[in-house]
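Here is the structure we will look at, set down as structure tokens.
The values are calculated or read from the model by the stated rules, or taken from the named source; none is laboratory data. Fair warning: this is a prediction, and the values are worked out from it, not measured in the lab. Virtual Cβ from ideal backbone geometry, glycine too; neighbours counted across all protein chains shown.
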Amino acid sequence: MALVGYLRGPDGCPWDREQTRETFRDQFLEEAYELIEAVDEGDPAAIAEEVGDVLLHTAFQIQMGTEGNLFTDAQVFATLIAKLVRRHPHVFELTGVDLDAGQVLTNWDDIKRAEKSAGDRPSAIDGVPTAMPSLASAQRLQRKAARTGFDWDDIAGVLDKVREEAGELKEAATPEQTEAELGDLLFSLVNVGRWLNVDSESALRKANQRFTARFKAMEEMAKARGLDFKALSLNEKEALWQEAKQLLR
């Protein structure tokens, strides 16, 4: 915090002094994604570096709050500690209580809802940030709804819903209907991931990475064989795709 305060001070960096919460917004999000990428790659050194970058942006947010007399670092951490203690009564208050992870999440939501009972978040599905990626947002909404009992009895119902939404997409007659039905299909697929305990955002991100690696391998193989990749037929490209899949498996 002292270093960030110095950077923002009169003897510090002009660029750092000019930054605001708004100018840091996209950078903060970018650093968070870089941390997620490092975690996916399992590189400890990269994870440590990206955690540091996220902490740096957090420190800047705290510093700007202090400068505006909005809050101090002590208030930030005191609020966080109080929240963690309050939402873990099975750890800090009750003795001899053995809860599984699902029960802990249910209790967490109940306590959180009680904290917001003044009217800020009257709905059980409130509190999902609008800036979240859409797949992650859909999964979080579904989890919140499921904890109220609004859920399928088994995954068979979820898969039936996917087939239903795919049929409705096929029958869509206007661009607006197509967009709506595609959205419903994606939402249903996220629900499948939730039932399978698969994070949809991570699954799609990893699928993107696999596609990128395989496509680039296709291009490299075509180049090594003196072939014009764009001029290849679809069947020829498919053969290269299957070869790339085997190569990168």
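Numerical summary
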{"read-out": "Residue within the range 231-246 that is outside any helix (DSSP H, G or I) and surrounded by 12 or more Cβ atoms within 10 Å (Cβ to Cβ) present", "value": "yes"}
{"read-out": "Filter result for residue 100 (modelled with pLDDT under 80, under 17 Å from residue 86 (Cα atoms) and not hydrophobic (A, V, I, L, M, F, W, C))", "value": "no"}
{"read-out": "Filter result (small (Gly, Ala, Ser) and either surrounded by 15 or more Cβ atoms within 10 Å (Cβ to Cβ) or more than 30 Å from residue 122 (Cα to Cα) (or both)) within the range 147-172", "value": "156, 166, 167, 172"}
{"read-out": "Any chance residue 149 is within 29 Å of residue 108 (Cα to Cα), out of contact with any helix residue (DSSP H, G or I) (no Cβ under 7 Å at 6 or more places or on another chain) and of a type outside the set (Phe, Trp, Tyr)", "value": "yes"}
{"read-out": "Qualifying residue in the range 98-107 (condition: part of a helix (DSSP H, G or I) and either in contact (Cβ under 8 Å) with a residue 40 or more places away in the chain or more than 24 Å from the chain's Cα centre (by Cα) (or both))", "value": "yes"}
{"read-out": "Any hit, the range 226-249, residues being at pLDDT below 95 and among the aliphatic types (A, V, I, L, M)", "value": "yes"}
{"read-out": "In the range 210-230, the residues that are over 33 Å from the mean Cα position of the chain (by Cα) and either in the same structural domain as residue 37 (by TED's automatic domain parsing) or surrounded by 11 or more Cβ atoms within 10 Å (Cβ to Cβ) (or both)", "value": "221, 222, 223, 227, 229"}
{"read-out": "Residue count for the range 173-202, restricted to those that are of a type in the set (Gly, Ala, Ser) and surrounded by fewer than 15 Cβ atoms within 10 Å (Cβ to Cβ)", "value": "3"}
{"read-out": "Residue identified as on the phi < 0 side of the Ramachandran plot, at pLDDT 95 or above and not in a loop (DSSP other than H, G, I, E, B) among 51, 91", "value": "51"}
{"read-out": "Failed condition for residue 237, given (1) under 19 Å from the mean Cα position of the chain (by Cα); (2) touching a residue at least 12 places away in the same chain (Cβ under 8 Å)", "value": "(1)"}
{"read-out": "Qualifying residue in the range 60-81 (condition: within 17 Å of the chain's Cα centre (by Cα), of a type outside the set (S, T, N, Q) and not assigned by TED's automatic domain parsing to the domain that holds residue 111)", "value": "no"}
{"read-out": "Residue count, the range 37-48 (criterion: at pLDDT below 90 and surrounded by 12 or more Cβ atoms within 10 Å (Cβ to Cβ))", "value": "2"}
